[in-house]
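Q: This is the structure, below, for whatever I ask next.
The values are calculated or read from the model by the stated rules, or taken from the named source; none is laboratory data. Remember, it's a predicted structure, so these values are computed and weren't measured experimentally. Neighbour counts are summed over all protein chains in view; Cβ atoms, including those assigned to glycine, are modelled from backbone coordinates with ideal geometry.
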Amino acid sequence: MLKKIYEEIKKYNTIVIARHIGVDPDALGSQFALKEAININFPEKKVYAVGSKSSRYNYFPKLDKYENKNNEDVLLIVVDTPDKKRVDISNIELFPNICKIDHHPLIDVMGEYEYVDTLSSSASELVNRLFKENKMIINEEIAKYLFYGIVSDTNRFLFNTSIETYNIIEELIKKYNLNTESLYRNLYARPFSEVRFQGFISENLKLTENGFAYVIISNEVLQKYGVDASSAGNMVNNYNNIDEVIAWAMISEDVKNNQFKFNIRSRGPIINTLAEKYNGGGHAMASGARVKTMDEVNMLIHDIDNLCKSYLKKEGSENEDR
């Protein structure tokens, strides 16, 4: 399938690359790595990396603007996104020619050529596979984008990491002489306001009797600490080693988009199918959702808690049977 996607890339003179809303380093890393690789290997093509961007990721280039004119000679490539509703582009239906490269469980089929591998660490790993299988030339800048995507989506190799993942990182570091200290600083450095904000989260984290921990972060709190809703969500991985917790969520008010954003993680209960019911989705143990009202916030909190309750009950039954 990656060779077919490569043939599609060769066919079109204009290529638009999109990814999911609620951007993260893997979405940006796979997006910009693919854009730059196409620019290097096919300099005559026009390539646009589109979507909104958080100021947190200013170590990536600026995103492009592309005016959708329903041009059938345009190829849309969607990376790191399983469903149409989460693609950060307007009027996706106006693009008749779509390819997809993704590592999430399949939700929507978007085009004729789709490469989905849920066992891979990241979309960046899959984009690297596209380069390797088709002998595409890449450079140090592309290697950095791939590094950002893989390291961030594995949370520094804690999750979804295979031998191939380690081999890719080793090759990128050796071949392109990457300064990993500098790259890690870009990924994990944060302002003092966020450190103080994390203290607020830790102090206000609520824990149910079923092992679900969550905190609701209002817009007033975000303003007080000088952070945005994306920064709040990105802190969810800081709470993955609490003994009493099997699932947890950062719930942040996003006034600009009139919604509440859930960033959800799990060490047992499968959460992505539930997230899909609330305008979200993702991985079995790492998902996001978006709701409009506090009533919906409370409904989703209740549903996640019940998910944890069912999981604990099932685990208890299995332990008794052993």
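Q: Take region 62-96 and flag every residue that is surrounded by 21 or more Cβ atoms within 10 Å (Cβ to Cβ) and among the basic types (Lys, Arg).
A: Arg86
Q: Something else about it: Of the conditions (1) modelled with pLDDT under 90; (2) touching a Leu at 6+ places or on another chain (Cβ under 9 Å); (3) surrounded by fewer than 19 Cβ atoms within 10 Å (Cβ to Cβ), Asn238 satisfies every one except a single condition; which number is it?
A: (2)
Q: Restricting to region 155-183, what's the tally of residues that are within 19 Å of Gly233 (Cα to Cα) and of a type outside the set (A, V, I, L, M, F, W, C)?
A: In the first step, residues of region 155-183 are kept if they are within 19 Å of Gly233 (Cα to Cα); the result is 155-156, 158-159.
Within this subset, residues satisfying the condition of being of a type outside the set (A, V, I, L, M, F, W, C) are 155-156.
Number of matching residues: 2.
Q: Which count do you get for residues in region 279-302 that are more than 30 Å from Ser121 (Cβ to Cβ), without any contact (Cβ under 8 Å) to a residue 60 or more places away in the chain and either of a type in the set (Ser, Thr, Tyr) or not in a loop (DSSP other than H, G, I, E, B) (or both)? Walk me through it before giving the result.
A: As a first pass, look at region 279-302 and keep what is more than 30 Å from Ser121 (Cβ to Cβ): 292-299, 302.
Imposing the further condition that a residue be without any contact (Cβ under 8 Å) to a residue 60 or more places away in the chain reduces the set to 292-296, 298-299, 302.
Adding the requirement that they be either of a type in the set (Ser, Thr, Tyr) or not in a loop (DSSP other than H, G, I, E, B) (or both) leaves 293-296, 298-299, 302.
Residues flagged as more than 30 Å from Ser121 (Cβ to Cβ), without any contact (Cβ under 8 Å) to a residue 60 or more places away in the chain and either of a type in the set (Ser, Thr, Tyr) or not in a loop (DSSP other than H, G, I, E, B) (or both) within region 279-302 amount to 7.
Q: Which of (1) at pLDDT below 95; (2) buried (at least 18 other Cβ atoms within 10 Å of the Cβ) does Phe212 not meet, given it meets every other one?
A: Failing condition for Phe212: (1).
Q: Further question: Anything in region 90-117 that is over 20 Å from Leu28 (Cα atoms), outside any loop (DSSP other than H, G, I, E, B) and in contact with a Cys (Cβ under 9 Å, 6 or more places away or on another chain)? List them, or say none.
A: Hit for region 90-117 is Tyr113, nothing else.
Q: Only residues that are modelled with pLDDT of 95 or more, under 27 Å from Leu183 (Cβ atoms) and not in a strand (DSSP E or B): list them for region 10-24, please.
A: Correct list: Arg19 only.
Q: Are any of the residues in region 71-79 assigned by TED's automatic domain parsing to the domain that holds Val23, touching a residue at least 40 places away in the same chain (Cβ under 8 Å), assigned to a strand (DSSP E or B) and closer than 30 Å to Glu194 by Cα? Let's see the steps before the verdict.
A: At the first step, the residues of region 71-79 found to be assigned by TED's automatic domain parsing to the domain that holds Val23 are 71-79.
Then keep just the ones that are touching a residue at least 40 places away in the same chain (Cβ under 8 Å); that gives 71, 73-79.
Adding the requirement that they be assigned to a strand (DSSP E or B) leaves 74-79.
Filter again for closer than 30 Å to Glu194 by Cα, leaving 79.
Within region 71-79, one or more residues are assigned by TED's automatic domain parsing to the domain that holds Val23, touching a residue at least 40 places away in the same chain (Cβ under 8 Å), assigned to a strand (DSSP E or B) and closer than 30 Å to Glu194 by Cα.
Q: Take the residues in region 80-98 that are in contact with a strand residue (DSSP E or B) (Cβ under 7 Å, 6 or more places away or on another chain) and charged (D, E, K, R); name whichever of them is nearest to Val109 (Cα to Cα).
A: Narrowing region 80-98 to residues in contact with a strand residue (DSSP E or B) (Cβ under 7 Å, 6 or more places away or on another chain): 80-83, 86-89, 95, 97-98.
From the residues that got through so far, the ones that are charged (D, E, K, R) too are 80, 83, 86, 88.
On the way: Asp80: 13, Asp83: 8, Arg86: 13, Asp88: 16 Å.
The extreme case among them is Asp83.
Q: Spot the failing condition for Ala143; the list is (1) touching a residue at least 40 places away in the same chain (Cβ under 8 Å); (2) more than 21 Å from Lys4 (Cβ to Cβ), and only one is missed.
A: For Ala143, the failing item is (1).
Q: Going by the structure shown, is Asn257 over 18 Å from Glu194 (Cβ atoms), buried (at least 22 other Cβ atoms within 10 Å of the Cβ), of a type outside the set (Asp, Glu) and modelled with pLDDT under 95?
A: Details: over 18 Å from Glu194 (Cβ atoms): yes; buried (at least 22 other Cβ atoms within 10 Å of the Cβ): no; of a type outside the set (Asp, Glu): yes; modelled with pLDDT under 95: yes.
Answer is no for this residue.
Q: Still on this structure, I have one more. Quick check on my filter: what residues within region 260-272 are surrounded by 19 or more Cβ atoms within 10 Å (Cβ to Cβ) and either of a type in the set (A, V, I, L, M) or closer than 13 Å to Ser310 by Cβ (or both)? Outline the logic, then answer.
A: Of all residues in region 260-272, those surrounded by 19 or more Cβ atoms within 10 Å (Cβ to Cβ) come to 260-266, 269, 271-272.
Of everything in region 260-272, those that are surrounded by 19 or more Cβ atoms within 10 Å (Cβ to Cβ) and either of a type in the set (A, V, I, L, M) or closer than 13 Å to Ser310 by Cβ (or both) turn out to be Ile264, Ser266, Pro269, Ile271.
Q: Here's a check for you: in region 164-179, which residue that is closer than 19 Å to Ser121 by Cα and surrounded by fewer than 17 Cβ atoms within 10 Å (Cβ to Cβ) is modelled with the lowest pLDDT? Working first, answer last.
A: Just the residues of region 164-179 that are closer than 19 Å to Ser121 by Cα, to begin with: 164-173.
Applying the additional criterion that residues be surrounded by fewer than 17 Cβ atoms within 10 Å (Cβ to Cβ) yields 164, 166-167, 170-171, 173.
Details: Glu164: 94, Tyr166: 97, Asn167: 97, Glu170: 97, Glu171: 97, Ile173: 97.
Here the answer is Glu164.
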